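Trainee: The following block contains the structure, expressed as structure tokens.
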Amino acid sequence: MVAGVFHPVAAKYDQTNDLMSMAISQKRFPLGMDSQVDLIGTESTYQSAQADLASYKTQIAQDINALNLLAGQQQPADLLAAEHDLKAANANSVWARPRSSLA
């Protein structure tokens, strides 16, 4: 439980630090104080932190949905709408249509 709360907070902290490091490197690069390798490295680290944060947010949403289902609560409307759209798309697919005879 504690880890589930700690990891997203830590990821947000890391993302903020990486954003600041990237901004500093972007200011230093034109002055010749940082190399292009340094600049690309800070940008890459920031992008990685963004991906980690998005992953944790997705995990939290999935956990909440799972708990809601276990508690017998209805799925959120956007999930139901997405499921409906998927069923409609599958009904109109080539594979769902009856096959006609080639003869």
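The values are calculated or read from the model by the stated rules, or taken from the named source; none is laboratory data. On a predicted model such as this, the values are computed, not experimentally measured, just so you know. Here the Cβ positions follow ideal geometry from the backbone for every residue, glycine too, while neighbour counts run over all protein chains shown.
Residue-wise test of (1) in contact (Cβ under 8 Å) with a residue 24 or more places away in the chain; (2) surrounded by 13 or more Cβ atoms within 10 Å (Cβ to Cβ); (3) closer than 28 Å to ASP18 by Cα; (4) touching an Asp or Glu at 6+ places or on another chain (Cβ under 9 Å).
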position: ASP34; (1), (2), (3), (4): no, yes, yes, no
position: THR45; (1), (2), (3), (4): yes, yes, yes, yes
position: ALA49; (1), (2), (3), (4): yes, yes, yes, yes
position: ALA54; (1), (2), (3), (4): no, no, yes, no
position: ILE60; (1), (2), (3), (4): yes, yes, yes, no
position: ASN65; (1), (2), (3), (4): no, yes, no, no
position: LEU70; (1), (2), (3), (4): no, no, no, no
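Trainee: Here's another thing I want to ask about it. Could you check ALA23 against (1) at pLDDT below 65; (2) in a helix (DSSP H, G or I); (3) closer than 28 Å to HIS7 by Cα and say which number it fails?
Mentor: Here ALA23 meets the rest and fails (1).
Trainee: Further, regarding this structure: Given (1) at negative phi; (2) modelled with pLDDT of 90 or more, identify the lone condition not met by ALA82.
Mentor: Condition (2) is where ALA82 drops out.
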